[in-house]
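The values are calculated or read from the model by the stated rules, or taken from the named source; none is laboratory data. The structure presented is a predicted model; accordingly, all values stated were derived computationally and were not measured. Heads up, the Cβs are rebuilt from the backbone with ideal geometry, glycines too, and the neighbour counts pull from every protein chain shown.
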Amino acid sequence: MKGVAHMSETMTNKLIELCGKDIRTASNAELYHALLKLVDEKSQEQVQNVTGRKLYYISAEFLIGKLLSNNLINLGLYDDVKEALKEAGKSLADIEEQEPEPSLGNGGLGRLAACFLDSLATLNLPGDGVGLRYHCGLFRQNFKNNVQNVTPDFWLTDSCAAKATDTVFPVSLAGKEYSARLYKLPVTGYEGRTNTLNLFDLDSVDESVIGDGISFDKKDIARNLTLFLYPDDSDEDGRLLRIYQQYFMVSAGAQLVLEECAARGCNYHNLADYAAIQINDTHPSMVIPELIRLLMLHDIDFEEAVQIVTDTCAYTNHTILAEALEKWPRHYLDTVVPQLMPIIEKLDALAKSRTEDGSLAIIDQNQVVHMAHMDIHFSHSTNGVATLHTQILKESELAGFYHLYPEKFNNKTNGITFRRWLLKCNPSLTNEIESLIGNGFKKDASELKKLLAYTNDQNVLRKLSEIKKQNKEALAAWLLHKQGIKVNTDAMFTIQSKRLHEYKRQQLNLLFLIHQYLEIKAGHIPSVPLVSIFGAKAAPAYIIAKDIIHGLLTLSQVIENDPEVSKWMQLVFVENYNVSAAEMMIPACDLSEQISLASKEASGTGNMKFMLNGALTLGTMDGANVEISEAVGNDNIYIFGQSSKQVIHRYAVGDYCAKDWYEADPNLRRAIDFLTSEKMLSFGDEEHLKRLQNELIWKDWFQTLPDFNAYVVRKQQAMADYAADQENWSRRTLINIAQAGFFSSDRTIKEYDNDIWHLGK
């Protein structure tokens, strides 16, 4: 105890030094900036020299979340800081409120990139991120009249940890030269090294050009380039802006790579010995022709430059959805990056010389440039992100490429940095696990398997139930404070939190909740009260996604205003869902909704976070759900719906007619008809609700209706199981926690390094 007191005293003195005053009298803002200085000092001590290959992970998104507590944990400072503040009558949680939520990403793609950076640093691997310094990220979401409204998320303040440097690179856009300024943000590893997230920006970007909502002049590149992540691409100017952003990122990034490698002795002919570049989805694809262009400026001929770049670059495919396999009309690239087109033409000719299959061309017969095709032809590795996803790529979506380059294809199942998603957001569960199996799991997640020894320990199972109840109460208090919503903490909590997209099928959940509402009205009382929580943003141009949000918000009001139903069910939509919200929601979840259409979700990582925090999964056999199911066993997961083969077959033969399913199933028809019922229209807008209804009846591209009944049955089964035997439910949650270690991003990164990157060698 004396040692603990001494450490606390030492930390107190350090904070007084950094604050320049007694921490008892310091404001939360002063203490926050003192802690930033502390983190910066400590993180600099963990910077290591780079030898051999260094990774450059290029991504349009890095959804890093608030960093203070995570950095304190990784640097071994968290407990000392918390204790020193507590003794001074201060709360670390209150101080964290000073930190802005970094708006550098949106969904799973960005969060995965952030987890990967954490694991790289933890494993002492030299690897930096490369991206853009968005001023407003995606947007800030709020609800009015049951409609999603968007405003700019002005998060960049003096409190931002990304610091400007004097490093500036020239980038040519549409024949005009711009200056890309480098910002650096330290990335700390858990008992590891400090790496860097490199973010590029223009000094001329002007936040004042944003008008109503998030509208702005999309043509004024000098002032708008890095304002928003994924600017509205419903018009040509928006689509061109995306290309401007992407090239700006990869051109500055490629110059950074070459400059850093040269400083370490690289002569560019041997670039692949110094650098590994990972292309995260297709947004950074132009790094391939840009690197070739830059190497040719250093007197390397085209053929050699192509080989160097192929040996340096690797590509991760995250989806089979066409919208994520970017392709651009050639004239767009002619406009924005005319300097790249001669190189892309030569790459296309080279690709066509390797195969007679015209579908594998980079520039197709319609003069459309396929980014993913360029990535596969001219990188040495193409990986999927879950076993099923990689199989689908090989067998159907990219089968032609797989037959041409079988040696390039491999799987790297995604993972999460469990230190943030357990240690940071669920300290009570972390402490319980540590008391049972020691602290080795913090460094090696596979040690969580030791928990299996306690599957029949009633005291442990009871403790897990208590922790879950505490986390529910914490979420309830947060919701009451944030949105004025009071929820029943004795209810079962189901959560669907992810990007709003039809393939993720929030609309299926909506139809279930309507069904449940109508069943209660008919006198069929459920086995347990249900709180259904959603967190999601819809892209501004995605009309149907916004209609689904409207449907959910409208139904929440219908339920709230029905005293007969509201005691049995609640629907909560969390406003402006982000990492901080996720950290509150995930520990409180009983049943994790992972209900995407089979074959469409490449992996998912939310499913892993919920599993780690003791939620059971309700899901289709899609993405990493397949591997979660294999890990925990069929008794500890709720699987429903069509298989990926059935779904792919339906698309192939084109025999799915939503109207037939609607007309054949009275329960389904009842739920869909309710969307435009008098009750819904009393709180909602007919245009939104009717359009969603028509979409389900006449199109339903992501096959919601065939999975409806199976979803209802399995979800009601989960509710019945939860109500019937709480001890057995806790036993199953423990098994999920114990088997979550495989889904650590540390494991994923080790596989990338062993098979693709070979860092430090």
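Overview of results
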| item | result |
| --- | --- |
| Subset of the stretch 137-149 (residues that are surrounded by fewer than 21 Cβ atoms within 10 Å (Cβ to Cβ) and under 21 Å from residue 210 (Cβ atoms)) | 140, 142, 143, 144, 147, 149 |
| Answer from 548, 525, 543 - the residue that is among the β-branched types (Val, Ile, Thr), within 15 Å of residue 689 (Cβ to Cβ) and surrounded by fewer than 16 Cβ atoms within 10 Å (Cβ to Cβ) | 543 |
| Filter result for residue 662 (over 30 Å from the mean Cα position of the chain (by Cα), closer than 19 Å to residue 712 by Cβ and among the hydroxyl-bearing types (Ser, Thr, Tyr)) | yes |
| The stretch 101-127: number of residues that are crowded, with 24+ Cβ neighbours inside 10 Å and acidic (Asp, Glu) | 1 |
| Sole residue being assigned by TED's automatic domain parsing to the domain that holds residue 117, of a type in the set (Lys, Arg) and surrounded by fewer than 21 Cβ atoms within 10 Å (Cβ to Cβ), chosen from 408, 449, 442, 482 | 408 |
| Residue 72 without any contact (Cβ under 8 Å) to a residue 60 or more places away in the chain and either in contact with a Phe, Trp or Tyr (Cβ under 6 Å, 6 or more places away or on another chain) or surrounded by fewer than 24 Cβ atoms within 10 Å (Cβ to Cβ) (or both) | yes |
| Of all residues making up the stretch 488-509, the number that are in a loop (DSSP other than H, G, I, E, B), in contact (Cβ under 8 Å) with a residue 40 or more places away in the chain and touching a Pro at 6+ places or on another chain (Cβ under 8 Å) | 2 |
| Candidate set: the stretch 218-235, residues that are assigned to a helix (DSSP H, G or I) and free of Cβ contacts under 8 Å to residues at least 24 places away in the same chain; chosen: the one surrounded by the fewest Cβ atoms within 10 Å (Cβ to Cβ) | 223 |
| Identity of the residue in the stretch 716-725, part of a helix (DSSP H, G or I) and out of contact with any helix residue (DSSP H, G or I) (no Cβ under 6 Å at 6 or more places or on another chain), that ends up nearest to residue 54 (Cα to Cα) | 718 |
| Selection status of residue 215, part of a loop (DSSP other than H, G, I, E, B), exposed (fewer than 15 other Cβ atoms within 10 Å of the Cβ) and either in contact (Cβ under 8 Å) with a residue 60 or more places away in the chain or small (Gly, Ala, Ser) (or both) | yes |
| Residue match in the stretch 511-532 (condition: touching a strand residue (DSSP E or B) at 6+ places or on another chain (Cβ under 6 Å), aliphatic (A, V, I, L, M), within 26 Å of residue 113 (Cβ to Cβ) and outside the structural domain of residue 96 (by TED's automatic domain parsing)) | no |
| Test: residue in the stretch 212-231 that is at pLDDT below 95, under 22 Å from residue 253 (Cβ atoms) and of a type outside the set (Phe, Trp, Tyr) | yes |
| Selection from the stretch 242-265 of residues that are small (Gly, Ala, Ser), surrounded by fewer than 20 Cβ atoms within 10 Å (Cβ to Cβ) and assigned to a helix (DSSP H, G or I) | 262, 263 |
| Elements of type strands (runs of 3 or more DSSP E) contained in the stretch 314-413, each with 2 or more residues being aliphatic (A, V, I, L, M) and at pLDDT 95 or above | 368-370 |
| Residue list for the stretch 599-625, filter: of a type in the set (A, V, I, L, M) and either within 19 Å of the chain's Cα centre (by Cα) or closer than 26 Å to residue 580 by Cβ (or both) | 602, 608, 611, 612, 615, 616, 618, 624 |
| Checklist (1) closer than 30 Å to residue 93 by Cα; (2) surrounded by fewer than 16 Cβ atoms within 10 Å (Cβ to Cβ); (3) not hydroxyl-bearing (Ser, Thr, Tyr) applied to residue 458, failing item | (1) |
| Filter result for residue 26 (surrounded by 15 or more Cβ atoms within 10 Å (Cβ to Cβ) and farther than 29 Å from residue 421 by Cα) | yes |
| Residue that is surrounded by the fewest Cβ atoms within 10 Å (Cβ to Cβ), among those in the stretch 284-314 that are among the acidic types (Asp, Glu) and touching a His at 6+ places or on another chain (Cβ under 9 Å) | 304 |
| Candidates 168, 150 - the one that is aliphatic (A, V, I, L, M), assigned to a strand (DSSP E or B) and touching a residue at least 60 places away in the same chain (Cβ under 8 Å) | 150 |
| Condition met for residue 91 (under 17 Å from residue 11 (Cα atoms) and surrounded by fewer than 19 Cβ atoms within 10 Å (Cβ to Cβ)) | yes |
| Qualifying residue in the stretch 493-513 (condition: out of contact with any helix residue (DSSP H, G or I) (no Cβ under 8 Å at 6 or more places or on another chain), more than 26 Å from residue 714 (Cα to Cα) and at pLDDT 95 or above) | no |
| Given (1) modelled with pLDDT of 95 or more; (2) within 16 Å of residue 505 (Cβ to Cβ); (3) in contact with a helix residue (DSSP H, G or I) (Cβ under 6 Å, 6 or more places away or on another chain), index of the condition residue 602 fails | (1) |
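Yes/no per residue for (1) under 20 Å from residue 708 (Cα atoms); (2) part of a helix (DSSP H, G or I); (3) touching a Gly at 6+ places or on another chain (Cβ under 9 Å):
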residue: 469; (1), (2), (3): no, yes, no
residue: 486; (1), (2), (3): no, no, no
residue: 526; (1), (2), (3): yes, no, no
residue: 541; (1), (2), (3): no, no, yes
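To keep it simple, each residue is scored yes or no on (1) hydrophobic (A, V, I, L, M, F, W, C); (2) farther than 22 Å from residue 580 by Cα; (3) without any contact (Cβ under 8 Å) to a residue 12 or more places away in the chain.
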residue	(1), (2), (3)
511	yes, yes, no
514	yes, yes, no
518	yes, yes, no
523	no, yes, yes
547	no, yes, no
550	no, yes, no
556	no, yes, no
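Table: residues versus (1) free of Cβ contacts under 8 Å to residues at least 24 places away in the same chain; (2) touching a Lys or Arg at 6+ places or on another chain (Cβ under 9 Å); (3) in the same structural domain as residue 733 (by TED's automatic domain parsing); (4) surrounded by 17 or more Cβ atoms within 10 Å (Cβ to Cβ).
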position	(1), (2), (3), (4)
632	no, yes, yes, yes
648	no, no, yes, yes
659	no, no, yes, no
666	yes, no, yes, no
671	no, no, yes, yes
675	no, yes, yes, yes
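A quick yes/no check of all residues on (1) over 24 Å from the mean Cα position of the chain (by Cα); (2) of a type in the set (Lys, Arg); (3) more than 30 Å from residue 742 (Cα to Cα):
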residue	(1), (2), (3)
444	no, no, no
452	yes, no, no
460	yes, no, no
466	yes, no, no
472	no, yes, no
